[in-house]
Amino acid sequence: MRVLLAGSSGFIGGELRAQLAAAGHETRRLVRREPADADEFRWAPEKRVVDGEVFEWADAVVDLAGASLQRLPWTRATKRRILSSRLEATGTLTEAMRRAANAPAVLVNASAVGFYGDRPGQELTESSQPGRGFLTEVVQAWEAAARLAPASTRVVLARTGVVIGRGGALAPLLPLAKAGLAGPIGGGRQHWPWVSIHDEAAALVHLLTSQLEGPVNIAGPTPATAGEVVRALARAVRRPYLVPLPRFAIELALRDAGRELLLADQLVVPRALLDDGFVFRDTTIEDAMDRLMEARAV
């Protein structure tokens, strides 16, 4: 397929590009600077500007663009940027697709498990209702923008959790673990929907040629708690799992960001992917952490 990528320079984008190339797909990238290669096209989503010709070329669009959630604390300005960056990028893409004479057949749009909010004791599938909180509101608005793609375009909403790889949510935890300072976060009993960087990208590639549409959970097939995730990280770097980070300290320091990113309980099940025949390479959090350490050693 001919795949147009937005947000391809980020944490997930590099792995996705490698897997698309390995699968024989041709890619072109949208960039916010002067293009350096023939496969790059400049866009300015904050101004709703993009070269419409590339949408005539593309069979599919993958949109990963959006400001990082890891910029802490979440000030009012940060919250506005988290929301506006997603609506600007996705809105620019869907508007251009509607103007195209031959719109791309599929849009795989990034989304997040933040849709579900804090849901202790509940199994969360694609049919689960939205929760409450800032991230829930962001994801609902983001997914609504993606659904404005042309009626002929299959729209997939890739609700992703904690991606285990070089960067992302693990970036601040890895130095702590290496220093022997890892331990239970907020008690550690809340479920964190994790997925390895390999399986995240592989799932996105799978969704390009699948018939799935609408929300699709991208989370590992074996649920894990926050304690199990951090314990697996500590074990992978051969350090103890001893030093707790209390809930009150997280809420005091990070407020909404701490409650929604670290303390929310989300037992997310990738039902649609599993029913569609997708096979995870890394089926447990221990698998994902071991591969991360192997990759860092290369």
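The values are calculated or read from the model by the stated rules, or taken from the named source; none is laboratory data. All of these numbers come straight from a predicted model, not from anything done at the bench. Positions of Cβ are backbone-derived with ideal geometry, glycine not excepted, and every protein chain shown enters the neighbour counts. For accessibility, only protein heavy atoms count, side chains too; no ligands or nucleic acids. Shrake-Rupley method; radii C 1.70, N 1.55, O 1.52, S 1.80 Å.
A few remarks follow.
- The figure for S152 is an accessible area of roughly 90 square angstrom, using a 1.4 Å probe on the protein chains alone.
- Summed side-chain charge close to A182 - residues other than A182 whose Cβ falls under 13 Å, Lys, Arg +1, Asp, Glu -1: +4
- The slack between T125 and D290, meaning 0.36 nm per residue of separation minus the straight C-alpha distance, is 56.7 nm.
- What the phi angles of the range 119-136 give under the Karplus curve with 6.51, -1.76 and 1.60, with θ = phi - 60°, is a coupling list of 9, x, x, 10, 8, 10, 10, 4, 8, 5, 7, x, x, 10, x, 4, 5, 4 Hz, glycine and proline written as x.
- Electrostatic bookkeeping for E126 treats Lys and Arg as +1 and Asp and Glu as -1; over the other residues with beta carbon under 12 Å from its beta carbon, the sum is -3.
- The calculated 222 nm mean residue ellipticity attributable to helices in the chain amounts to -11000 deg cm²/dmol, summing -39500 (n - 2.57) over DSSP H runs of n ≥ 4 and dividing by all residues.
- Solvent-accessible area of the range 163-281 (1.4 angstrom probe, protein heavy atoms only): carbon and sulfur portion equals 58 percent.
- Placing a pseudo-label 7 Å from each Cα along the Cα-to-Cβ vector at D59 and T78 gives an inter-label distance of 4.1 nm.
- Anisotropy class of the range 245-298 from Cα gyration tensor, a/c 1.5 cut: oblate
- Calculated from backbone phi, Karplus (6.51, -1.76, 1.60) coupling profile of the range 246-261 in Hz, x at Gly/Pro: x, 4, 4, 5, 5, 5, 5, 7, 10, 6, 4, 4, x, 5, 8, 8
- Dimensionless Rg ratio for the chain, taking C-alpha atoms and the 2.2 N^0.38 Å reference: 0.98
- Considering only Cα atoms, the convex hull volume of the range 161-239 works out to 94 Å³ per residue.
- Averaged per residue, the range 150-298 has 44 square angstrom of accessible surface, using a 1.4 angstrom probe with ligands and nucleic acids left out.
- Once the 1.4 Å probe is applied to the protein heavy atoms, the range 1-124 comes out at 47 Å² accessible per residue.
- An oblate overall shape is assigned to the range 7-82, the ratio a/c of its alpha-carbon gyration tensor axes (a ≥ b ≥ c) being 1.5 or greater and a/b not exceeding b/c.
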